[in-house]
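The structure appears below as structure tokens.
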Amino acid sequence: MKPALLEVMRMNRICRMVLATCLGSFILVIFYFQSMLHPVMRRNPFGVDICCRKGSRSPLQELYNPTQLELSNTAVLHQMRRDQVTDTCRANSAVSRKRRGLTPNDLKHLVVDEDHELIYCYVPKVACTNWKRLMMVLSGRGKYSDPMEIPANEAHVAANLKTLNQYSIPEINHRLKSYMKFLFVREPFERLVSAYRNKFTQKYNTSFHKRYGTKIIRRQRKNATQEALRRGDDVRFEEFVAYLIDPHTQREEPFNEHWQTVHSLCHPCHIRYDLVGKYETLEEDSNYVLRLAGVGSYLKFPTYAKSTRTTDEMTTEFFQNISSEHQTQLYEVYKLDFLMFNYSVPSYLKLE
């Protein structure tokens, strides 16, 4: 709990409302308000307010008006995290709201669980495989029971999970208003190094080597050998960073989801997330979500020791050979994620 307590002490802002309105012919219209004192209710055909699914409280109701003291204490922390996102969006509105709205295609990372009224925005390299497994259990209606029995590659099959962009616009707006929306985030540069290690240092990731490795080497390596240009499997971290900060890269196409910024994947300045979980408190935050969903008594977040996990110390080593100029440019790319999710500027950075 120490990281959580420290975070609460750092952030003591007052609860705010977020209003997100999206315009245009194919633009998703989002307009909703959620209050700590007035949880969202569904109305039955007879006009009488009822609690959600099978007479139980919805996750959204339990989050904003908890019935258990322990959940109430944790709710304070997550209110602080919501406020941090809101404040950052307001302070950086020119950058964070380049577009006035979202299209349904922008919602392809938002996974929907109808039975428990949950929407999860998955962020690669932030435990998204295990959370997709959990969403398959939650939305599978008995098809799955143990998330760790689901193969990792099966968790990433698009057909196994329903995403918000598959609904009509009225259905999308209803779910954004009524379901509990959550995401998990990670220290941006630790996540970036994790993505690099996984996609460019593992020999089996030939698809990434061919699509991105060959392109990076061609642009960033002088006198590259024909073998390197053909295989693309020996990209250096310095070359990867140079590729990310190259203006041509950002004009050419959006970043791959594994190193795309969280605010570009999940659009937290347009969509008000009810809960922001963190990789640093992953098990605690994940089980809190499951308790809010009413399944915490029999479903827990999968835990296992992974000795190859990218750590802060490892990230520091990777940045030792990055020039201060490139460090500064890279920080600017991910700056909003640092600010929005309350991550300090890393001590190892030499910013200009």
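The label point for residue 313 and the one for residue 95, both projected 7 Å from the Cα toward the Cβ, are 3.2 nm apart.
Pairs of lysines in region 127-272 whose Cα atoms sit within less than 18 Å of one another amount to 9, provided the residues are eight or more positions apart or on different chains. Rolling a 1.4 angstrom probe over region 142-255 with all protein chains present gives an accessible area of which 48% lies on carbon and sulfur atoms. Rounded to the nearest 0.05, what FRET efficiency do residue 87 and residue 227 have when you use their Cβ-Cβ distance and R0 = 51 Å? The computed FRET efficiency comes out at 0.50.
When the charge dipole of region 132-223 is built from unit charges on Cβ atoms (+1 for Lys and Arg, -1 for Asp and Glu) and taken about the Cα centre, the candidate among 202, 142, 182 whose Cα reaches farthest toward its positive end is 202. Full extension of the chain segment joining residue 211 with residue 280 gains 21.7 nm, where the gain is 0.36 nm per residue of separation less the Cα-Cα distance. The dipole here belongs to region 185-287: it is taken about the Cα centre, uses +1 on the Cβ of Lys and Arg and -1 on the Cβ of Asp and Glu, and is about 740 debye.
Note that region 113-163 presents 41 Å² accessible area per residue, ligands and nucleic acids not counted, probe 1.4 Å.
Between residue 204 and residue 328, the simple spin-label model (points 7 angstrom out along Cα→Cβ) gives 4.2 nm. Sites listed here are trypsin sites (Lys or Arg not before Pro) in region 222-282 whose DSSP assignment is loop and whose Cβ has at most 16 other Cβ atoms within 10 Å: 222, 236.
Pairwise alpha-carbon distances in region 276-335 exceed 16 Å for 64% of all pairs. Ordering 214, 299, 255 by Cα displacement along the dipole of region 213-352 toward the positive end leaves 214 in first place; charges were set at the Cβ atoms of Lys, Arg (+1) and Asp, Glu (-1). In this calculation the C-beta distance from residue 72 to residue 304 is compared with R0 = 25 Å, giving a FRET efficiency of 0.20. In a DSSP loop and with at most 11 other Cβ atoms within 10 Å, the trypsin sites (Lys or Arg not before Pro) in region 281-343 are 306, 309. Modelled label-to-label distance, residue 149 and residue 349, 7 Å Cα→beta-carbon offset: nm? Here the modelled spin labels are 4.5 nm apart.
The values are calculated or read from the model by the stated rules, or taken from the named source; none is laboratory data. Computed from a prediction, not measured in an experiment: that's the story for all the values here. Virtual Cβ from ideal backbone geometry, glycine too; neighbours counted across all protein chains shown. What goes into the accessible areas is simple: the full protein's heavy atoms, side chains included, and nothing from ligands, DNA or RNA. Shrake-Rupley method; radii C 1.70, N 1.55, O 1.52, S 1.80 Å.
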